[in-house]
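First the structure, in the form of structure tokens, and then the observations on it.
Computed from the coordinates by the stated procedures, all read-outs in this text should not be read as laboratory data. Keep in mind that what you see is a predicted model, and the values were worked out from it rather than measured. Methodologically, a virtual Cβ is constructed for each residue, glycine included, from the backbone with ideal geometry; neighbour enumeration extends over all protein chains shown.
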Amino acid sequence: MEGWPDFRLAAANLTIGRGGQALASGLSFVLERGQALLVTGPNGAGKSTLLRTLAGLLSAIEGRISVTGTGLESGTPAGLCAHYLGHADGLKGALTVQENLQFWAAMLGGRGPQPDIAGALACVGLSHVADFPAGYLSAGQKRRIALARLLVAERPLWLLDEPATALDAASQDRLAAMMQTHRARGGVIIAATHAPLGLEDARELRLSERAGALA
């Protein structure tokens, strides 16, 4: 099974925040191939801000984030190795489901292999809506299409912000299977969550309003 045999993400003494206001400081962790980290804590503690900082959408106030692995040049930003799945599903309602995934595959996959859009839709149980405009889908279906985006362009780091939002029990099982497969291939997952995600062996980084403690 191809994948990422030696991917590694390290964060050293991060201070994160928004608008110049620090939300959490002293955040340090290292994740090797196949590992997962759950980011927990109360609303406003900085869970989403941490994911957005790792994705390169926000700048860290202090500290350093680095990634290493086969094929990565020294100094490669973590965001270039990552899929970021935020609260918004990132779908254009007027485009079909297939067109949405083709767009994201082109944006995120660069010149990689031809994306397996049919396989991604099958994985989330939505093969039958490939030609539907995304705007016609239910909230749960839109979330599943957003999850399918993780599969149409391969990247070793998944940054997931409340990924189980709007998912029924069967879809949560599909998500758990996707994450298990990704980790088996050497991928790394960091997920902000208030609910269990089926990652029993994951480490936990619990944020308060001032700092994080890694368990």
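Each of L199, L151 has some number of other Cβ atoms within 10 Å of its Cβ, and from fewest to most they run L199, L151.
Converting phi to 3J(HN,Hα) with the Karplus coefficients 6.51, -1.76 and 1.60 and the offset θ = phi - 60°, the stretch 167-179 yields 8, 7, 4, 5, 6, 5, 5, 5, 4, 4, 5, 4, 5 Hz in sequence order, with x at every glycine or proline.
Principal-axis analysis of the Cα atoms of the chain puts helix 139-152 at an angle of about 80° to the longest axis. Helix 97-109 against the longest principal axis of the chain: what's the angle in degrees, Cα atoms only, rounded to the nearest 10? Helix 97-109 sits at roughly 40 degrees to that axis.
For the stretch 1-95, the equivalent ellipsoid built from the Cα gyration tensor has semi-axes of 23, 20, 13 Å, listed from largest to smallest.
How would Y136, Y84 line up from fewest to most surrounding beta-carbon atoms within 10 angstrom? Present the calculation step by step, with values, prior to reporting the outcome.
On the way: Y136 12, Y84 19.
Neighbour counts put them in this order, fewest first: Y136, Y84.
With the convex hull of its Cα atoms as the shape, the stretch 8-214 has an orientation-averaged projected area of 11.2 nm².
Summarising the amide proton neighbourhood of L207: residues at separation of 5 or more, or on other chains, whose placed amide H is nearer than 5 Å comprise T40, G41.
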